[in-house]
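The values are calculated or read from the model by the stated rules, or taken from the named source; none is laboratory data. None of these values were measured; they are calculated from a predicted model. With ideal geometry, Cβ positions are generated from the backbone for all residues, glycine too; neighbour counts draw on all protein chains shown.
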């Protein structure tokens with residue numbers, strides 16, 4: 001069974017979500033629920049770190065799109081941290097995600 | 001001795017002869033007991049054999065006492081009538097059975113009045129008890145005691161030799177059943193193993209095991225339980241299962257062996273085993289090893305002489321007070337071969353261990369694994385059976401030239417996606433695909449297989465077939481099902497097909513009557529054509 005870890009931390013009005021492992025059809029619903037449960041309406045910025053995600057396909061991209069449209073409605077800024085050499089960089093680029101969120105190569 | 005008794009004794013002799021050789025030990029004892037009842041004109045006769053591990057006497061055969069064997073009656077040493085005979089190793093007579101001189105109600109229930117019992121001894125070592133009983137009060141004579149002791153000698157000998165034979169057979173069957181019947185098929189890896197039993201036909205606790213973990217790691221185990229026979233084979237079976245379970249929990253080889261060590265020290269006191277655990281990472285590029293007192297494997301690189309791997313040996317499992325265990329990492333380039341073995345291979349009479357290890361290194365080359373196993377056995381063991389059991393496992397990482405196409409057929413269910421990805425990743429790494437090409441092909445094949453899982457079949461389900469082959473400089477991946485795709489129902493799926501297209505140099509989706517064929521072509525190098 002595909003496994004992914006969702007870790008969250010918050011500081012000064014921003015919320016960090018770190019994803020690791022893999023996301024495909026088998027675990028997408030679980031990952032989506034975990035992210036949804038973790039994000040409140042309090043932060044002004046949500047950053048999602050994909051550095052340690054070793055595989056993601058359209059099932060994972062769909063989660064990010066749904067999250068992006070929710071946050072847009074709440075006026076919360078979404079940032080994706082995807083280093084240039086990270087395994088999911090290409091799929092994120094291909095998805096046209098840049099129009100919805102800021103893509104950053106590193107967490108600092 | 002009266003002539004009639006002498007005649008009956010000859011009957012007992014006949015019972016122990018070849019005529020009844022096909023009977024197992026229980027049936028043979030029943031036959032003997034029937035003759036004893038006739039010989040001594042008594043009503044019941046019972047044999048209890050000592051279970052050495054629990055130090056209890058177990059009712060093994062009975063004549064004239066219904067159901068005594070089936071009840072599985074066990075009597076501790078020293079307790080009651082039979083226990084007293086066993087503890088004292090002397091004949092005991094009870095003329096009037098009552099609550100004070102027998103332990104179990106089974107005897108009075110059958111209305112037994114008088115008892116005579118003698119120990120079953122093999123050169124002064126107790127192996128059980130034989131006793132007879134009468135329904136009417138009986139005063140046993142010295143002659144009768146002597147006669148029963150003669151019978152006991154024969155019973156003891158028959159029981160012992162039969163039990164030894166049964167144990168040998170059981171141990172051989174157990175060991176055979178515990179060695180993997182078939183080695184796993186792992187793309188990019190060639191595997192072969194041999195097991196050569198020792199010349200005396202007995203078995204030892206040698207074992208090997210090869211299995212994959214859900215994380216994609218490939219584990220190779222070789223070990224040797226100290227001791228021989230059924231006991232060692234039995235412990236070996238438990239260690240094998242425990243090691244598999246501990247490997248499943250994750251961690252490096254040293255951690256896994258540490259858990260096994262704790263298990264052995266707690267549950268198998270007085271047992272000791274040497275074990276070597278080697279784990280290939282999913283890309284097959286590195287091998288992680290930890291040795292619990294086991295001889296180091298031999299490694300051969302292509303066109304180079306073989307050498308012993310520099311794996312430090314930590315304490316065997318089952319030895320308390322050892323220091324921390326270590327894991328060693330070795331790079332395994334394509335074409336390299338590693339040979340694991342048990343000490344029976346290198347411990348030869350009249351040859352020093354160093355000389356044997358040198359012979360082994362001379363025999364090992366980075367070539368096909370099956371012929372290598374045959375060569376090593378021929379050169380180190382020769383034609384005569386070895387003095388100790390020998391187990392060897394040879395593993396070779398295929399070089400990209402030797403990698404053929406790969407096929408995988410799995411149920412079209414979400415959980416299979418991960419297994420497909422692992423296998424594809426491994427194959428791509430073996431053929432030397434660049435990281436960017438690997439990432440692209442994983443997504444393209446991942447999307448195609450996800451489509452099959454989501455859209456090809458109704459509730460009855462079906463399978464998805466993945467075929468990968470090298471058509472230099474391209475990789476050709478084919479994903480096939482035997483269903484019919486429904487139109488993508490959500491935006492997400494439409495995106496999936498877009499990803500497939502963007503991650504391949506050429507994509508062909510062919511919906512036929514017999515199913516759908518998706519053919520993906522992608523260059524092996526970093527950049528695709530796009």
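Summed over the range B:427-444, residues that are more than 10 Å from chain A (Cβ to nearest Cβ), part of a helix (DSSP H, G or I) and in contact with a strand residue (DSSP E or B) (Cβ under 8 Å, 6 or more places away or on another chain) total 5.
Of all residues in the range B:383-401, those being touching a helix residue (DSSP H, G or I) at 6+ places or on another chain (Cβ under 8 Å) and either modelled with pLDDT of 85 or more or surrounded by 17 or more Cβ atoms within 10 Å (Cβ to Cβ) (or both) number 11. For the range B:365-372, the count of residues that are assigned to a helix (DSSP H, G or I), surrounded by fewer than 17 Cβ atoms within 10 Å (Cβ to Cβ) and in contact (Cβ under 8 Å) with a residue 24 or more places away in the chain is at least one. Those residues that are in contact with a strand residue (DSSP E or B) (Cβ under 8 Å, 6 or more places away or on another chain) and touching a residue at least 60 places away in the same chain (Cβ under 8 Å), I need them from the range B:240-265; list them, please. Scanning the range B:240-265 gives B:240, B:252, B:253, B:254, B:257, B:261.
Per the conditions (1) closer than 17 Å to residue A:22 by Cα; (2) buried (at least 23 other Cβ atoms within 10 Å of the Cβ); (3) within 11 Å of chain A (Cβ to nearest Cβ), the sole criterion not satisfied by residue B:451 is (1).
Determine if the range A:64-72 includes at least one residue that is facing chain B (nearest Cβ under 10 Å) and under 26 Å from residue B:496 (Cα atoms). Checked the range A:64-72: at least one residue is facing chain B (nearest Cβ under 10 Å) and under 26 Å from residue B:496 (Cα atoms). Just give me the residues in the range A:61-73 being free of Cβ contacts under 8 Å to residues at least 40 places away in the same chain and either crowded, with 19+ Cβ neighbours inside 10 Å or in contact with a helix residue (DSSP H, G or I) (Cβ under 9 Å, 6 or more places away or on another chain) (or both), in sequence order. Passing the criteria: A:61, A:62, A:64, A:65, A:66, A:67, A:68, A:70, A:71.
Among the residues of the range B:402-417, none qualifies, meaning not one is away from every other protein chain (no Cβ under 14 Å), within 30 Å of residue B:206 (Cβ to Cβ), in contact with a helix residue (DSSP H, G or I) (Cβ under 7 Å, 6 or more places away or on another chain) and crowded, with 16+ Cβ neighbours inside 10 Å. Among the residues of the range A:90-108, the ones that are touching a residue at least 24 places away in the same chain (Cβ under 8 Å) and within 13 Å of chain B (Cβ to nearest Cβ) come to 4 in all.
Here the condition is being in contact with a strand residue (DSSP E or B) (Cβ under 8 Å, 6 or more places away or on another chain), surrounded by fewer than 18 Cβ atoms within 10 Å (Cβ to Cβ), farther than 24 Å from residue B:433 by Cα and not assigned by TED's automatic domain parsing to the domain that holds residue B:426; of B:352, B:313, it holds for B:313 alone. Of all the numbered requirements in (1) crowded, with 18+ Cβ neighbours inside 10 Å; (2) within 14 Å of chain B (Cβ to nearest Cβ), residue A:85 misses one, and that requirement is (1).
Looking at residue A:77, is it closer than 16 Å to residue A:6 by Cβ and surrounded by fewer than 17 Cβ atoms within 10 Å (Cβ to Cβ)? It is false that residue A:77 is closer than 16 Å to residue A:6 by Cβ and surrounded by fewer than 17 Cβ atoms within 10 Å (Cβ to Cβ).
If you check residue B:237 against the conditions, is it surrounded by fewer than 18 Cβ atoms within 10 Å (Cβ to Cβ), in contact (Cβ under 8 Å) with a residue 60 or more places away in the chain and outside any loop (DSSP other than H, G, I, E, B)? The answer is yes for residue B:237. I'm checking my understanding of the structure. Among residues of the range A:41-60 that are under 9 Å from the mean Cα position of the chain (by Cα) and surrounded by fewer than 22 Cβ atoms within 10 Å (Cβ to Cβ), which one is farthest from residue B:443 (Cα to Cα)? Only one residue fits best here, namely A:47.
What about residue B:172, is it over 27 Å from residue B:99 (Cα atoms), buried (at least 19 other Cβ atoms within 10 Å of the Cβ) and at pLDDT below 90? No; evaluated as a whole, the condition is false for this residue.
So that you can scan it fast, the table gives a plain yes or no per residue for (1) surrounded by fewer than 22 Cβ atoms within 10 Å (Cβ to Cβ); (2) at pLDDT 95 or above:
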position: B:233; (1), (2): no, no
position: B:245; (1), (2): yes, yes
position: B:250; (1), (2): yes, no
position: B:254; (1), (2): yes, yes
position: B:264; (1), (2): no, no
position: B:270; (1), (2): yes, no
position: B:273; (1), (2): no, no
